[in-house]
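The values are calculated or read from the model by the stated rules, or taken from the named source; none is laboratory data. Model, not experiment: these values are computed from the prediction. All Cβ positions, even for glycine, are placed from backbone atoms using ideal geometry, and neighbour counts span all protein chains on display. We work out accessible area using only protein heavy atoms, side chains counted, and drop any ligands, DNA or RNA first. Shrake-Rupley method; radii C 1.70, N 1.55, O 1.52, S 1.80 Å.
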Amino acid sequence: MQFGVLGCGRIAQIMHIPNVAAFPETELHAIADPAENVLQSVGDRYAVPHRYTDPTELVADHAAELDAVIVTTPMHTHVDVAVPALEAGIDTLVEKPLAVTVEDADRLVEAADDADATAMVAYNKRYEPAYRLAKRELDRVEEVDLVTCLDVDPDYAHTVPTVYDLVDPELPDAFVEDSADERRRQVEEAIGTTDETLAWAYDFQLEHVCHDVNVLRGLFGRVEEIGHVDIFADGKYATAALEYEDGKRCILETGLSGRNFFEEYVRVDAPDRLLTLEFGHPMLRYNPATLRVKQGVEDLTDTVYTPTREEAFKRELEYFVDCVRGDADVRTTFAEARDDVALIVDLFETYRDE
């Protein structure tokens, strides 16, 4: 299968591009990025024959040759990049979050519905074997007392540059400023505010916590009610009380630290057991999720599962290829990702209304 990667930033260089280049059934046919130095370095590294600064030009020129594209451009550009690909009938995998505003997410859902193409969102954590195992273990739990989800990002500048030889973009100041202005405009539109702290908090949390709300959606279904929401520490931290289907209650804690380590887990307290699904550092390869199950009222069993050392991103790519072939149904849909954006908007609206 001939693939294009639209956007060659950090996650594309660490995960998507190497995986497409290495997977036996895919070939990296074309890449797009506004930075010429990135195109040259990454293109030479992987011997990519076609390189564009404009992703829509790449799609227009190679629609007949491309089987699929992966959209890894900044979140505020997804609608402008993914819609033309879908309209051209190209199977499309879009990095999370789907969009900044609910309106743009709706446009993407409509494009996906109208297209004769596979449309999938790259929620890689849903493809972790430990996540799938946790979902099966939850089927054995008769009653849930409390769900706790915590996700605190570190300062990635401490770890990522020391592990990977990434190519930083060299872009004109005017391009960077225009892109930042458009992103800020969309953020302010999404939650109806010009408050700088709240806008910054939404920008960060949308990219950060969308993974968690999607994992929770996959495990527990829809959020039926939002309780108390607090945003504090200059917008870097937030907590929310959520109620899911069948009355399951969840405390969501999310933030950004200056620490040199990453922490993310979903903990499920039940009367007779405790399940803890812990995710590894998202920017480090071969760092899989684990599931710990402690069970017993009188006798205790304590088991830790690390199902595989395979990359969740690699498994995500393999699953996407299966969907393109018609061998699997899309698990992380545009419609579901649209609802994730809407939920995060609702969290901010709840905070402002309290």
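Here are some notes:
- Qualifying residue in segment 242-257 (condition: open to solvent by less than 20 Å² (accessible area, probe 1.4 Å), out of contact with any His (no Cβ under 8 Å at 6 or more places or on another chain) and either among the basic types (Lys, Arg) or closer than 22 Å to Val304 by Cβ (or both)): no
- Here is the figure for segment 287-300: residues that are outside any strand (DSSP E or B), open to solvent by less than 70 Å² (accessible area, probe 1.4 Å) and without any contact (Cβ under 8 Å) to a residue 60 or more places away in the chain total 2.
- The one condition in (1) open to solvent by 50 Å² or more (accessible area, probe 1.4 Å); (2) assigned to a helix (DSSP H, G or I); (3) over 30 Å from Ala199 (Cα atoms); (4) not hydrophobic (A, V, I, L, M, F, W, C) that Gly43 fails to fulfil: (1)
- Qualifying residue in segment 279-286 (condition: out of contact with any Asp or Glu (no Cβ under 6 Å at 6 or more places or on another chain) and part of a strand (DSSP E or B)): no
- Pairs meeting the criteria (first residue in segment 102-113 and under 15 Å from Ala85 (Cα atoms), second residue not in a helix (DSSP H, G or I), beta carbons under 7 Å, at least 6 apart or on different chains) are Leu108/Leu98; Leu108/Ala99; Ala112/Ala119.
- Considering residues of segment 1-40 that are part of a loop (DSSP other than H, G, I, E, B) and among the acidic types (Asp, Glu) only, the residue least open to solvent (accessible area, probe 1.4 Å): Asp33
- Residue in segment 241-257 that is farthest from Glu143 (Cα to Cα), counting only those that are over 20 Å from the mean Cα position of the chain (by Cα) and in a strand (DSSP E or B): Ala241
- Residue count for segment 258-269, restricted to those that are modelled with pLDDT of 95 or more and either open to solvent by less than 20 Å² (accessible area, probe 1.4 Å) or outside any strand (DSSP E or B) (or both): 3.
- Condition met for Ala238 (among the hydrophobic types (A, V, I, L, M, F, W, C), more than 30 Å from Asp33 (Cα to Cα), surrounded by 20 or more Cβ atoms within 10 Å (Cβ to Cβ) and modelled with pLDDT of 95 or more): yes
- Residue satisfying condition, being surrounded by fewer than 17 Cβ atoms within 10 Å (Cβ to Cβ), assigned to a strand (DSSP E or B), hydroxyl-bearing (Ser, Thr, Tyr) and out of contact with any His (no Cβ under 9 Å at 6 or more places or on another chain), within set Thr308, Thr303: Thr303
- Checking Leu347, Leu284 one by one, the residue that is under 30 Å from Asp155 (Cβ atoms) and either open to solvent by less than 20 Å² (accessible area, probe 1.4 Å) or at pLDDT 95 or above (or both) is Leu347 and no other.
- Selected residue [of a type outside the set (Ser, Thr, Tyr) and either in contact with a Ser or Thr (Cβ under 8 Å, 6 or more places away or on another chain) or closer than 30 Å to Val215 by Cα (or both)] from Pro49, Pro74: Pro74
- The combined condition, being at pLDDT 95 or above, within 24 Å of Glu177 (Cα to Cα) and within 23 Å of the chain's Cα centre (by Cα), is fulfilled by Ala32.
- Segment 290-302, residues that are closer than 19 Å to Lys135 by Cβ and at pLDDT below 95: Gln295
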